[in-house]
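Read the structure below first, then the notes.
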């Protein structure tokens, strides 16, 4: 066996172990960690360390060694875990992953990142070994050792005599890099990770706010971060108890930046080493899909032609045709499946995001995913990622409340965020649900007025919620670095519309918000029913049809506003006449002579009246927007066996469209007379 | 049914090659580089609730392409459809669309000094969509900026970026 094969095995194993480690860490119950889990995490680190030692991967070995020591103590209950510690473990795990990727590429891992993490881990070990040192001391010292910013603090109109005192005071925040005093002016360069606001608030005891200016002069990167310069614990401890929250983003960012180049490298690596799978550009796949689509059309054209031949003479031809049909269908399915990816690909990214974000925001959130196996076109998967991430961030930031607020509202301290995906007819429905505070009607309206949007107090709740999709709209009271800058929901909406889908939002104040994304399968084969109205053919998604029937005139009842309902087995269904919605000439108007389909996509089922059903078949969905635009009531188009175009009906939009038409029609005619006539006919 | 447009090679690159078509008695011209092909009018699927000049969509080798009748749009000529009805298939940006005209007559090359500024007609076709008037001998060609026109809001062929 070649030594490189052994390497390969080790790398694959290490990757798997690290993924396990991440999953276990995220699911770890910090208050009462399961011994088995802790053991598993420890074993993972231990195995990697062993392998790394064997192959001489020094960085990997050293890092895992430090991690292993901590984990070992944790599993023996000598070390009490807290959230910050798990965060550090997760960062370490990210670094390890990057290191493995580097070694796989025969590269040298990022030394700066390695030093940083090792320093942090040593700190954690030291902190716990010496519990008499104040708990907060080690915490701020760690980010100080990393790439810290240098702040230029200028204080005007202070007597020279006070300068020394101020410098001393500032020294508590970090390292004084430079100092410059003049008669009434003091300038100090301070290396510190403390936020400007914190420094300001402390100095405000001594000087007025207008005397003070604090500017970040440099963002000292990895260069100075290389040598760890731990601040003596006593000194840091006496500083005005810095909040760990302020320091964590910096370290998280560092870990991420150390990770990025490695991730890029690992991509390259995959292409080089994977032999059992093949990377093909999506354009090539799409071309094949298009060609197969055309093939299926040609096949059904041939089929229609041969159907007219004398079956006795053309027996062999018919046999060949049916075989061709089977093959064409199998081919089509096989090709389509190339592009299908389970939603898990998207969902699996969120546990980490939710965890990091909720701890940053001081919230407790549990993530629940449903329907991760729902398959979605690859192109859609990639393009849904950003909008979804945005919505999840929004839910965490604005939706779910802090544990205290939740408790006060009589809800469990831990909020739930649900991501759900499922197929619905020819669509994919993705829901982002939280059980947070929901939207605030008054605030939305006030903000809309402020933005000059036409709103009134009479607007329904539902209409008010949709305001959130207006450009530049944000109701967050404060701008956080998570969200709230107002470049949010309108971008989400636009992105989803570009995919040919739509997004809407339902909300129950106090109980939560649900955002639903409905995406049509833009690139798909759809099972459908073709129907005839007048001389026109329309395509109905088969999944939306619940049943079809002929109705008797006594089943039809008029309702106020010009509409009619059909009474089916105790249910009243609104009647939508396709020929009216689409102004089809020469269509059947007698309900008893046509056919009624009970259809449903979202919301309530309704009855759709058409002239006749033609047949059931698979159609290739073609986007209308490629060369034209969105058409109300139509989701896409397809090409029929004879080469002509047929429109695919958008079931949800149809009922809406029908209601709109009824409104305008009744305004024009006298409704009662109109109704009478219709019933008679 | 369809025929390829012969592309005339021209020595002078500043000249503009145009495809000349007729609407009623008037002669119009469009930049030939925007023209993909010329074909007959067939198999157009009507679309409801759109302006009458949008005849519908048709299948052009697997692409769903909208068809617009310029005779209806400009209120010119007889909007009848038979085997002689001509559709100019345009390629604008990434989009393909067809326009129905009375007939296609010529491919001509116009020198810059043959193109004059267009006066304001005050009806039908807005000067906004005109590149000018071409004059060759006694003929007057109305040069249409077809890209601007077809993508305009009033044609409603392209999804307008809505706020």
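The values are calculated or read from the model by the stated rules, or taken from the named source; none is laboratory data. For clarity, every value in this text was computed on a predicted model and none was experimentally measured. A quick note on method: Cβ atoms are made from the backbone with ideal geometry, for glycine too, and the neighbour counts reach across all protein chains shown.
Side notes on the structure shown:
- Filtered residue count, segment A:368-387, keeping only those that are within 24 Å of residue A:468 (Cα to Cα) and without any contact (Cβ under 8 Å) to a residue 60 or more places away in the chain: 1
- Tally of residues being farther than 16 Å from residue A:13 by Cβ and in contact (Cβ under 8 Å) with a residue 24 or more places away in the chain across segment A:43-67: 5
- Pairs, first more than 9 Å from chain B (Cβ to nearest Cβ) in segment A:629-644, second assigned to a loop (DSSP other than H, G, I, E, B), C-beta under 7 Å, six or more apart: A:635/A:650
- When residues of segment B:16-51 are limited to those that are more than 19 Å from residue A:624 (Cβ to Cβ) and in a loop (DSSP other than H, G, I, E, B), the one nearest to the other protein chains (Cβ to nearest Cβ): B:42
- Residue A:327 being part of a helix (DSSP H, G or I) and within 14 Å of another protein chain (Cβ to nearest Cβ): no
- Of the residues making up segment B:53-99, those that are assigned to a loop (DSSP other than H, G, I, E, B) and either at the interface with chain A (Cβ under 9 Å from one of its Cβ atoms) or on the phi > 0 side of the Ramachandran plot (or both) are B:61, B:62, B:75, B:77, B:93, B:94.
- Subset tally (residues that are without any contact (Cβ under 8 Å) to a residue 24 or more places away in the chain, farther than 12 Å from residue A:338 by Cα, away from every other protein chain (no Cβ under 14 Å) and in a helix (DSSP H, G or I)) for segment A:278-321: 12
- Set B:9, B:45: member being farther than 11 Å from residue B:87 by Cβ and modelled with pLDDT under 90: B:9
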